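*Asks:* First the structure, which I've put down as structure tokens, then a few questions once you've had a look.
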Amino acid sequence: PILFLVSFVLTFVVLTWLAVYFYGEIALQEGLIYHFSRVDHRHNYSMYWYWIYLARARILSTTAGAASSSLALLGRFLLLPQAFLLAYSSLGMAPIQNQLGLALFVQTYLFVTNNKVITAQYFTWYLCLLPLCSSSVRLTNKVIRGLVFLGLSIVLWLGSAYLLEMQGMAVHRIVWGASVLYFFANVYVMGTLLQSIDRSPSSTSSSGTTSSLHKKEN
């Protein structure tokens, strides 16, 4: 864990410094700081999008400076649930030994699910980590039902979003309802995945006992 932490910090600091060195402060602003306050209601799977859409309309009716600061404050406020979940999942995943890939997948999945902006490319953030923990997750009936539930919620969202953005139909609340359904589908999938993992120390202790017995026999 210490080696991973050190390598992460060094990689992050060095790459960020190189970007600022070659491209100036705009690299830091556009590549990192902007995302802390980003609020965008278009092409957004997040259940927050409708709230952002309504808040933007009200805020923009004020002066430009006040509107910009208010939207930035709203974006930072929506980071609080993510910060809590990342801290809580870090403590929850700690007892599971030698499962760094699983911990990375769970935290990235939770981060994307609760993000204030979710577009289609965000799915690749956690899907690319799935092979690292595929051996730890069992494809149970609950997991399959959860994946079907998730797929249906995505189809519902895409269909209603097409009517809103491409056909110009006033189906804002239907899209928002699909976003809420998508959020709960993700929560259900994550719950079933965690339930399919054997986190009891019995398997570890039994394997250790078996290996010690083999040593004694030899």
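*Asks:* Go through the stretch 135-158 and give me each residue that's among the polar types (S, T, N, Q), in a helix (DSSP H, G or I) and surrounded by 12 or more Cβ atoms within 10 Å (Cβ to Cβ).
*Replies:* S136, S153 - these are the residues of the stretch 135-158 that are among the polar types (S, T, N, Q), in a helix (DSSP H, G or I) and surrounded by 12 or more Cβ atoms within 10 Å (Cβ to Cβ).
*Asks:* Hey, any hits in the stretch 92-112 for a residue that's free of Cβ contacts under 8 Å to residues at least 12 places away in the same chain and in a helix (DSSP H, G or I)?
*Replies:* yes
*Asks:* Looking only at the stretch 187-199, filter to residues that are open to solvent by less than 50 Å² (accessible area, probe 1.4 Å) and either more than 14 Å from L110 (Cα to Cα) or assigned to a loop (DSSP other than H, G, I, E, B) (or both); which one of those is modelled with the lowest pLDDT?
*Replies:* Filtering the stretch 187-199 for residues that are open to solvent by less than 50 Å² (accessible area, probe 1.4 Å) and either more than 14 Å from L110 (Cα to Cα) or assigned to a loop (DSSP other than H, G, I, E, B) (or both), the one modelled with the lowest pLDDT comes out as I197.
*Asks:* Being modelled with pLDDT of 85 or more, open to solvent by 80 Å² or more (accessible area, probe 1.4 Å) and within 21 Å of Q121 (Cβ to Cβ), is that true of even one residue in the stretch 35-50?
*Replies:* Taking every residue of the stretch 35-50 in turn, none turns out to be modelled with pLDDT of 85 or more, open to solvent by 80 Å² or more (accessible area, probe 1.4 Å) and within 21 Å of Q121 (Cβ to Cβ).
*Asks:* Quick one: V180 ticks every box in (1) without any contact (Cβ under 8 Å) to a residue 60 or more places away in the chain; (2) within 15 Å of S46 (Cβ to Cβ) except a single one, so which number is it?
*Replies:* Condition not satisfied by V180: (1).
The values are calculated or read from the model by the stated rules, or taken from the named source; none is laboratory data. Remember, it's a predicted structure, so these values are computed and weren't measured experimentally. Here the Cβ is made from the backbone with ideal geometry for all residues, glycine too, and neighbour counts use every protein chain on show. The protein model used for the area step is the full one, side chains on, heavy atoms only, and it has no ligands, DNA or RNA in it. Shrake-Rupley method; radii C 1.70, N 1.55, O 1.52, S 1.80 Å.
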